[in-house]
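Peer 1: Would you mind keeping the following structure in view while I ask a few things?
The values are calculated or read from the model by the stated rules, or taken from the named source; none is laboratory data. Remember, it's a predicted structure, so these values are computed and weren't measured experimentally. Glycine also receives a Cβ, built like all others from the backbone with ideal geometry; neighbour counts cover every protein chain displayed.
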Amino acid sequence: MRSKVSIDEYLAFLSIKYEVDPAKLVHALVAAEENEESTCGNLLIRRRSKQTDKLVFLITTGPKVVAQFSISREFLMEENSPLRTLATADVLQRRLTKKKTGPHSVHIGELRTGMKQITLKAKVLEIATPTLVFTRFGNYASVANALIGDGTGTVKLCLWNDQIGSISIGDTIQLESAHVSTFRGEQQLRIGKNGMISVVDNMN
């Protein structure tokens with residue numbers, strides 16, 4: 001952990017990365033301080049040592065070590081810490097969203113609205129019948145939603161014109177430079193002008 005990152009920022013980062021509520025993470029640390037061990041979501045928290053004013057915790061998920069750090073007893077017991085009020089977590093969530101705008105390969109279960117430049121492999125499960133729509137550019141276009149999935153979940157992929165006929169049900173496809181948006185309350189993937197969709201041999 002870098003010295004420039006405070007303990008509340010670091011714990012907030014962990015709560016975001018491992019999708020646990022920051023306040024529950026603090027409560028789990030308190031419980032581990034009292035009982036030597038506790039759980040929070042998929043995280044197992046163990047108290048490694050206990051001093052008068054400092055505690056050392058080890059956090060694991062399965063066989064993987066997530067973090068080991070020391071924390072002051074005063075911070076752990078503070079009722080109005082930034083972590084408990086989620087203020088720090090909100091700030092870090094915005095930072096992480098910005099970082100996710102660069103090209104990177106993800107799984108469907110990791111998708112969040114606003115992510116851009118996504119590379120992703122998935123299997124085509126369904127393709128809806130295309131419909132003709134009048135676009136804001138003053139012309140007509142064919143649009144169809146495909147349902148794609150991997151081992152982590154499913155998501156709708158919005159296809160336009162030539163994209164619709166380029167894939168078939170059962171294909172394994174790779175998306176490049178895709179982005180995540182929300183339409184009528186539902187998350188979906190879109191391929192921009194610079195994006196690509198291609199059929200590949202397998203999910204590996």
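Peer 1: Where the second residue is in a loop (DSSP other than H, G, I, E, B) and among the small types (Gly, Ala, Ser) and the first is assigned by TED's automatic domain parsing to the domain that holds Ser166 and lies in region 126-142, which pairs have Cβ atoms under 9 Å and are six or more apart or on separate chains?
Peer 2: Final answer for the pair search is Ile127/Ser168.
Peer 1: Here are Ala23, Ala12: which of them is in contact with an Asp or Glu (Cβ under 9 Å, 6 or more places away or on another chain), not assigned by TED's automatic domain parsing to the domain that holds Gly109 and not charged (D, E, K, R)?
Peer 2: After applying the criteria, what remains is Ala12.
Peer 1: Continuing with this model, one more query. So which strands (runs of 3 or more DSSP E) are wholly in region 1-76 and hold at least 3 residues that are buried (at least 17 other Cβ atoms within 10 Å of the Cβ)?
Peer 2: 43-50, 54-61
Peer 1: If you scan region 49-72, which residues turn out to be among the charged types (D, E, K, R) and within 22 Å of the chain's Cα centre (by Cα)?
Peer 2: Lys64
Peer 1: Out of the residues in region 1-36 that are over 16 Å from Lys54 (Cβ atoms) and aromatic (Phe, Trp, Tyr), state the one that is modelled with the lowest pLDDT.
Peer 2: The extreme case among them is Phe13.
Peer 1: Moving to a separate point now. State whether one or more residues within region 36-48 are among the hydroxyl-bearing types (Ser, Thr, Tyr), assigned by TED's automatic domain parsing to the domain that holds Glu74 and more than 22 Å from the chain's Cα centre (by Cα).
Peer 2: Looking through region 36-48, at least one residue is among the hydroxyl-bearing types (Ser, Thr, Tyr), assigned by TED's automatic domain parsing to the domain that holds Glu74 and more than 22 Å from the chain's Cα centre (by Cα).
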